[in-house]
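Beneath this line is the structure, given in structure tokens, with notes to follow.
The values are calculated or read from the model by the stated rules, or taken from the named source; none is laboratory data. Fair warning: this is a prediction, and the values are worked out from it, not measured in the lab. Ideal geometry is used to build each Cβ from the backbone, glycine not excepted, and the neighbour counts take in all protein chains shown. Side chains included, ligands, DNA and RNA excluded: accessible areas come from the protein's heavy atoms. Shrake-Rupley method; radii C 1.70, N 1.55, O 1.52, S 1.80 Å.
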Amino acid sequence: MKNTLRQITQSPKFMIGFCLILVLILTTLIYPLFSPGSPLEMIGLGTFFRPGTYVSVYDSVTTDKRYTINLTDAAEKRVASKLASEDKEVMKTWLLEFGIAEEEIDLEDTEALLDLWFNTYDESIRFDNMTTAVRKHVQRTDAKLDGLLEHQDIIVADSAADGSLVEGSLIKGNEYINVAEIANVRVLPLGTDNFGRDMLKEMISALGVSLMIGLIAGAIATFIGLALGLLSGYLGGVVDDIIMFVTNLFTVIPSFVLLILISFSIGQSDRGATTVAIVIGLTSWVWTTRSVRAQVTSLRNRDHVNLSKLSGHSLIRILVTDILPYIASYVIMAFILQICSGILAEAQLSMLGLGPKTTSVPTLGLMMFWAMAYTAHLNGAWWAYFPLVILIACISFSLNLMNTGLDQVFNPQLRD
Amino acid sequence: MKGYKKYFGKKALWFFITLVCAVILNFILPRLMPGDPVAAITARIAGGMTSATAAQQIYQEYAEKFGTNQPMIVQFFTYIKNLLRGDLGLSFTQYPRPVSDILKSSVIWTVCLQLPAILTGWIIGNVLGALAAYIRKGFDKVLLPLSLLISGLPAFGLAIILLVVFGVNLKIAPISGGYAQNLIPSFTPTFIKSVIGHYWLPFFSIVIIAIGGQAIGMRSMSIYELNSDYVKYSRFLGIKDRKIVGYVFRNAMLPQITGLALSIGTMIGGALVAEVIFNYPGLGSTILRGITGSDYPMISGSTLIITLMVLAASFIIDIVYGFIDPRVKAAQIE
């Protein structure tokens, strides 16, 4: 036992996988301590806010502490951020039409572009081959530029008692505030999802739920598989025939189909995360049964088993003390794989709209389903689905890696 | 030939029994669940109605139509009778279109997409796995973790990544559907071109996943075989490496064929979800539509078709296996 453990801990594949999964588990346990509150709280009004730091506009306007910093490139940056790339394209079209050589127009260098624009643009010139839409766009862009470049201060007005507006404070172009001194700043490292929930928080909570689903499903599947496999392999005869008939039946009938049928019949409102986990467990024991039975059949005529039988030991005792230890390593490996396939099964089921109900807990599959339902992938909202794919891949990669590592320890033939 | 006849007869009988059980399960599972499906359906339809008698009338009508007011055993025989005539009932969401009609148009897409994809993935995966086992060293060090990573990736995950990279960002592939929206299915060159254009992205997302899983299995199998006594003995005899590899490959192949038969159901399940991502007009999207619309006949029809497909695939693989496996061959010669 000690020797086996040492061998396992020395297997790099197992250890990498183990550490990865440990990190994931610890994250789900520790993160909520730093960021309390419900992961399902809808904080954002709107869909798919970009990842970033969100500073309260109200607080930043009303703050008394303002710092004057003179940065030379501030105005240029401001213009660049307001000037969309299609605006620049329109400017280029006009300039080309005017007769400026293409190599003189550099869309990347905003300052040079603006210089060129103000020196050449004349509203009264009309090009015949330019459509009205483009011409209007050019005019709009020019007006916008004018507004941006005038260093006008912004007046924040308060409404007085009689309903008129009274000048409150004046904001200059070179005034800054320190984010650390603002009362309301929210960092959303992964933005929000389609419901306006904090993606990172929800994802970590979903990771925990998904791991739990995998664990429950894996435990149920392994338990049923082990029990049936042991009985069928050890007893043989009619019991074996019956169990193997059922097992073969469910090997050919795809478990995915059973999952769909059962989940749909249970109905959306009754499907909690645990229910889904149990259903997955009940439909995925077949593999374990088959392989446990195969191993037990080769063990049942060993001398020590016969001796135990002659001593009058009970069936349970023979199975647990004389046979189980020989197949324990195999069962553990099967368990790890079952956890992995349980998590994947939940994700797939949720993708079809048959996952746990949305309102109670988040799961990785459900988050994926909603991201797809709101076409995050077509809107460029990568943060709503990509971290999920990576996370699912990470889980199954680390579990598979652990399994391969164990395989190499227990099957010396596979070792390098 | 007598041995073969017996072998195939036994296989056919077994598959027939499985088929019967699958049909029974497909019939009985939904009916075992608590709750009255007809009540749920009528509640949806009669949602806007204020009159209780009108709602009651609708309920009666539906109960009559689906035969839920009859005893279970009568229902079952009606179900079987209709099934044999290819009648799977009427779809709720696309009423009054029959389910068999909807499925007919989606099955062909699924078969044409998944069959070539799974086979291609299986072949490439096996070749790569055998190479990894034979070469070991660097190739194996790269291939094994890569295969583990890919096979761990859910099929829909890879599908999304491919879709975003090639469809949305690079814009070299269409983002959804099985053909351009403005075309009507027909055998015209433009339509076929459009189908091929929409085909390769879902195709590769299934192929790549299949490669990952198969490569791992074949690698382990080949390593087992390469370490076995007959290989060592052949080496001592001085038989050429190439020939030994041929033997090893053939022996490692047999469990892989059985493996394909056993895992084809899982593969199809994963690929169905990938279809959903691409909005491919196959069974996956049909099921999704059925689920979102609570269209019971459509779901049970789809699951039955999938079961049939998996059964047929397993049966064919078993037959092929019979021809390849020397043990079955030997039994036939006797």
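Summary table
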{"quantity": "Shielded residues, the stretch A:247-283 - accessible-area loss of 50 Å² or more between chain alone and all protein chains, probe 1.4 Å", "calculated": "A:Leu249, A:Val252, A:Ile253, A:Pro254, A:Phe256, A:Val257, A:Ile260, A:Leu261, A:Phe264, A:Ser265"}
{"quantity": "Portion, in percent, of the accessible area of the stretch A:66-176 that falls on carbon or sulfur, probe 1.4 Å", "calculated": "49 percent"}
{"quantity": "Binned Cα-Cα distances of the stretch B:99-294, short to long, each 5 Å bin given as a whole percent", "calculated": "1, 7, 14, 16, 15, 13, 10, 8, 6, 4, 3, 1, 0, 0"}
{"quantity": "Max mean-square fluctuation residue, GNM over chain A, Cα-Cα springs under 10 Å, options A:Met402, A:Met367, A:Met15", "calculated": "A:Met15"}
{"quantity": "Efficiency of FRET from Cβ geometry, B:Gln181 and A:Ile316, R₀ 60 Å, rounded to 0.05", "calculated": "0.40"}
{"quantity": "Computed [θ] at 222 nm, helices only, for the protein assembly as shown once each DSSP H run of length n ≥ 4 contributes -39500 (n - 2.57)", "calculated": "-23000 deg cm²/dmol"}
{"quantity": "For the stretch A:19-55 versus the stretch A:1-18, the gap between their alpha-carbon centres in whole angstrom", "calculated": "32 Å"}
{"quantity": "Cα-based Rg of the protein assembly as shown normalised by 2.2 N^0.38 Å, two decimals", "calculated": "1.18"}
{"quantity": "Tilt relative to chain B, helix B:296-324 - C-alpha long axis, 0 to 90 degrees, to 10", "calculated": "20 degrees"}
{"quantity": "Average accessible area per residue (Å²) across the stretch A:66-176 - probe 1.4 Å, nucleic acids and ligands excluded", "calculated": "68 Å²"}
{"quantity": "Cα-based radius of gyration of the stretch A:66-176 once divided by 2.2 N^0.38 Å, which approximates compact folds", "calculated": "1.37"}
{"quantity": "Debye intensity ratio in log₁₀ form over the Cα atoms of the stretch A:233-335, taken at each q of 0.09, 0.12, 0.20 Å⁻¹", "calculated": "-0.33, -0.54, -1.04"}
{"quantity": "Share of alpha-carbon pairs per 10 Å distance bin for the stretch B:238-281, given as whole %", "calculated": "24, 26, 22, 17, 9, 2"}
{"quantity": "Mean projected area (nm²) of the alpha-carbon convex hull when the stretch A:264-416 is viewed from all directions", "calculated": "12.8 nm²"}
{"quantity": "Between helix B:137-152 and chain B: long-axis angle, C-alpha atoms, 0 to 90°, nearest 10", "calculated": "10 degrees"}
{"quantity": "Span from the the stretch A:354-416 Cα centroid across to the the stretch A:234-294 one, whole angstrom", "calculated": "22 Å"}
{"quantity": "At least 50 Å² accessible surface lost relative to isolated chain, residues of the stretch A:337-382 (1.4 Å probe)", "calculated": "A:Gln348, A:Met351, A:Leu352, A:His377, A:Leu378"}
{"quantity": "Quotient of C-alpha Rg and 2.2 N^0.38 Å, computed over the stretch A:1-107", "calculated": "2.11"}
{"quantity": "Two-site FRET efficiency, B:Gln56 against A:Asp270, from Cβ-Cβ distance with R₀ of 22 Å, rounded to 0.05", "calculated": "0.30"}
{"quantity": "Convex hull volume per residue for the stretch B:220-300, taking Cα atoms only, in Å³", "calculated": "114 Å³"}
{"quantity": "Angle in degrees between helix B:72-84 and the longest Cα principal axis of chain B, rounded to the nearest 10", "calculated": "60 degrees"}
{"quantity": "Which of A:Phe14, A:Phe223 is most accessible, then next, and so on - probe 1.4 Å", "calculated": "A:Phe223, A:Phe14"}
{"quantity": "Area projected by the alpha carbon convex hull of the stretch B:159-258, averaged over all directions, nm²", "calculated": "10.0 nm²"}
{"quantity": "Accessible surface, 1.4 Å probe, highest first, among residues A:Val238, B:Val127, B:Val195", "calculated": "A:Val238, B:Val127, B:Val195"}
{"quantity": "Stretch gain in nm, segment A:Lys65-A:Met130, where the contour uses 0.36 nm per residue and the Cα spacing is subtracted", "calculated": "18.4 nm"}
{"quantity": "Helix runs (DSSP H) in chain A reaching 18 Å along axis by Cα, Kyte-Doolittle at least 0.5", "calculated": "A:12-34, A:199-235, A:237-252, A:324-351, A:386-410"}
{"quantity": "Loop trypsin sites (Lys or Arg not before Pro), the stretch B:139-219, which have at most 16 other Cβ atoms in a 10 Å radius of their Cβ (DSSP)", "calculated": "B:Lys171"}
{"quantity": "Mean separation of Cα contacts under 8 Å, 6 or more apart, over the residue count of chain A: relative contact order %", "calculated": "25 percent"}
{"quantity": "Longest exposed-site-free window of chain A, the sites being GluC sites (Glu not before Pro) in a DSSP loop that have at most 16 other C-beta atoms within 10 Å", "calculated": "A:151-416"}
{"quantity": "Summed buried accessible area for B+A [probe radius 1.4 Å, Å², rounded to 100]", "calculated": "4500 Å²"}
{"quantity": "For chain A, convex hull volume per residue from C-alpha positions, Å³", "calculated": "275 Å³"}
{"quantity": "More than 32 angstrom apart: percent of Cα pairs within chain B", "calculated": "46 percent"}
